[in-house]
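**Q** Below you will find the structure I want to go over with you.
The values are calculated or read from the model by the stated rules, or taken from the named source; none is laboratory data. Predicted model only: the values in this text are computed from it and were never measured. Here the Cβ positions follow ideal geometry from the backbone for every residue, glycine too, while neighbour counts run over all protein chains shown. For accessibility, only protein heavy atoms count, side chains too; no ligands or nucleic acids. Shrake-Rupley method; radii C 1.70, N 1.55, O 1.52, S 1.80 Å.
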Amino acid sequence: MLKLKIGDTVKITAGKDAGREAKIEKILVKEGKAIVPGVNLYKKHVKGFGDVKGGIYDIPRPLGFGKIALICPKCKKITRVGFRFAGKEKVRVCRKCSKEIDTK
Ligand SMILES: [Zn+2]
């Protein structure tokens, strides 16, 4: 089970976008990285082709989990993620307020 999920609000803790907050758009499970829209952008030159317009696009680069910190949806603080069993299910909990992070 991963510590971070799509839709989590995270704060960037390292790199040129440090301090920004955004939601995770995609998780690269194998690499342990997340794509956060508008963060860690790089310019990509794209050639026009068919309906695709050529030009320079800002593409978000994946960020390692070490560079992002979860913002707890309950206490709104930056926190580390812990795990707890709720019955048979493993749930994520906030280490600061110990509330469950996942809401179903
Ligand atoms: Zn919390």
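**Q** Here is a check on your reading of the model: is Lys76 within 20 Å of Lys99 (Cβ to Cβ) and touching a Ser or Thr at 6+ places or on another chain (Cβ under 8 Å)? Let's see the steps before the verdict.
**A** On the way: within 20 Å of Lys99 (Cβ to Cβ): yes; touching a Ser or Thr at 6+ places or on another chain (Cβ under 8 Å): no.
The answer is no for Lys76.
**Q** Still on this structure, please answer the following. Within the stretch 6-20, is there a residue that is hydroxyl-bearing (Ser, Thr, Tyr), in a loop (DSSP other than H, G, I, E, B) and on the phi < 0 side of the Ramachandran plot?
**A** Pass one, the stretch 6-20, residues hydroxyl-bearing (Ser, Thr, Tyr): 9, 13.
Now narrow it down to the ones that are in a loop (DSSP other than H, G, I, E, B): 13.
Pick out the ones that are also on the phi < 0 side of the Ramachandran plot and you get 13.
The answer is yes, given that some residue of the stretch 6-20 is hydroxyl-bearing (Ser, Thr, Tyr), in a loop (DSSP other than H, G, I, E, B) and on the phi < 0 side of the Ramachandran plot.
**Q** Okay, next question. When you scan the stretch 46-53, do you find a residue that is aliphatic (A, V, I, L, M), in contact with a Ser or Thr (Cβ under 9 Å, 6 or more places away or on another chain), open to solvent by 60 Å² or more (accessible area, probe 1.4 Å) and not in a loop (DSSP other than H, G, I, E, B), even just one? Talk me through it step by step, then tell me what you get.
**A** Initially, the stretch 46-53 is screened for residues aliphatic (A, V, I, L, M), giving 46, 52.
Narrowing further to those that are in contact with a Ser or Thr (Cβ under 9 Å, 6 or more places away or on another chain): none.
No, every residue in the stretch 46-53 fails to be aliphatic (A, V, I, L, M), in contact with a Ser or Thr (Cβ under 9 Å, 6 or more places away or on another chain), open to solvent by 60 Å² or more (accessible area, probe 1.4 Å) and not in a loop (DSSP other than H, G, I, E, B).
**Q** Looking only at residues in the stretch 55-99 that are in contact (Cβ under 8 Å) with a residue 24 or more places away in the chain and over 23 Å from Ala18 (Cα atoms), which one is farthest from the ligand (Cβ to nearest atom)?
**A** Ranking the qualifying residues of the stretch 55-99, first place goes to Lys90.
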